[in-house]
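The values are calculated or read from the model by the stated rules, or taken from the named source; none is laboratory data. Worth saying up front: this structure is predicted, and the values here are computed from it rather than measured. Methodologically, a virtual Cβ is constructed for each residue, glycine included, from the backbone with ideal geometry; neighbour enumeration extends over all protein chains shown. With ligands, DNA and RNA removed, areas are computed over all heavy atoms of the protein, side chains included. Shrake-Rupley method; radii C 1.70, N 1.55, O 1.52, S 1.80 Å.
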Amino acid sequence: MMYDKILVPLDQSHNADLALRHAIGLAKKFDSKLYLINVVDTERIAMYGTGMGYVDLTQDLRKQAKELLANRMEEVKSAGVAGEAILESGNPKATIAKTAPARYDIDLIVMGKSGTDALERIFIGSTTAYVVRHTDTNVLVIADDGEDE
Amino acid sequence: MYKRILVPLDGSHNAELALKDGIALASKFSAKLFLLAVADTPRIVAYGVGLGPKSNLFDDVTDRAQNLLDAAQKQAAQSGVDAKTILRDGNPKSVIAHDVPEEEKIDLIMIGKSGRDALERFLVGSTTDYVVRHAKCDIQIIRDRD
């Protein structure tokens with residue numbers, strides 16, 4: 001038993017940080033390694049950012065993602081937990097549900113229930129809903145704590 | 001982290017996996033397990049009309065559910081985990097997502113992926129989907145990786 005490798009998808013949301021805190025708690029208990037992942041949504045960028053802006057925007061987002069991952073890795077390290085940061089580009093849903101769990105042999109995905117935007121917060125984030133439906137890996141969905149971003 | 005863990009059981013393979021992981025987690029966190037079986041009375045009424053005396057069918061389902069719970073409780077005890085068994089009538093979705101978590105102050109539900117039959121899944125979406133959407137506590141969805 002049972003959680004050697006835990007995947008935690010991160011974005012800028014409060015719920016993602018909540019999920020990370022839970023994952024750190026589990027990792028301490030089970031001596032697991034955490035894989036923090038951020039996926040730069042290049043498909044979405046391509047939709048809005050045709051033309052010259054595409055490369056700049058992608059680079060901006062990758063830079064932001066790198067900073068986010070580095071920052072959260074500090075949190076993991078200071079808790080005495082082993083961690084690895086993964087920066088991917090592509091479709092976040094498919095990457096989190098399928099590609100990353102297979103590549104890193106993940107036992108558990110820990111993610112927040114709601115998404116970043118207000119509409120998604122009403123029920124369940126579309127990424128979380130997608131991952132629960134489509135992944136072959138166990139998923140731990142962390143409930144909202146009622147706090148706003 | 002977790003003190004009161006709910007595992008709904010329906011006899012499916014994924015529910016068995018959820019039980020196994022639920023026992024392991026409860027043991028690790030010194031948590032109490034709550035084992036739940038729901039006798040789906042609306043469904044029995046829907047399918048059971050004209051099949052004979054209603055009470056026999058209810059008794060049958062209830063006996064099977066109680067056996068499932070007893071076996072699971074025994075399995076937990078073998079790992080030194082204290083488990084309470086709960087047998088309910090009603091709609092599994094709301095019993096699992098709302099009623100029992102609120103009554104027992106559950107902080108984590110361990111649920112097998114799509115424990116119900118394929119037809120219902122096709123028509124209205126699985127119990128698991130409903131619980132993930134509506135329960136207020138943490139939820140872990142367990143599936144067979146093979």
Task: Peptide-level mean, for A:128-138, of C-beta atoms on other protein chains within 10 Å - done: 4
TODO: Run the numbers on the stretch A:1-40: which residues show a drop of 50 Å² or more in accessible area, chain on its own versus all protein chains together, using a 1.4 Å probe over heavy atoms?
DONE: A:K29
Task: Packing rank of A:68-75, B:20-27, A:103-110, where each peptide gets the mean count of other beta carbons within 10 Å, highest leading - done: B:20-27, A:103-110, A:68-75
Task: Label-to-label distance, nm, for residues given as B:T62 and B:E103 (7 Å Cα→Cβ offset) - done: 1.5
Task: Segments B:133-141, A:27-35 sorted - mean Cβ within 10 Å per residue, highest first - done: B:133-141, A:27-35
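Students often check this: by mean Cβ neighbours within 10 Å, which of B:95-105, A:77-87 ranks highest, and how do the rest follow?
So the peptides B:95-105, A:77-87, ranked by packing, come out B:95-105, A:77-87.
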Task: Cross-link pairs A:K93/B:K105; A:K33/A:K63; A:K33/B:K28; A:K33/B:K84; B:K84/B:K136; A:K33/A:K113 - those with Cα-Cα distance over 26 Å - done: A:K93/B:K105; A:K33/B:K84
Task: Chain pair B, A: total accessible area buried, heavy atoms, 1.4 Å probe, Å² - done: 2200
TODO: Report the full-extension gain for the segment A:M2 to A:D56: residue separation times 0.36 nm, less the Cα-Cα distance, to one decimal in nm.
DONE: 15.2 nm
Open item on the list: Need the per-residue list for the stretch B:6-40: every residue with at least 20 Å² less accessible surface in the complex of protein chains than in the chain by itself, probe 1.4 Å, sorted by number.
Closed with: B:D21, B:A24, B:L25, B:K28, B:F29
Task: For A:G83, distant residues with modelled amide H under 5 Å away - done: A:L34
- [ ] Report, as an integer, the average count of C-beta atoms from other chains found within 10 Å of each Cβ along B:134-144.
- [x] 5
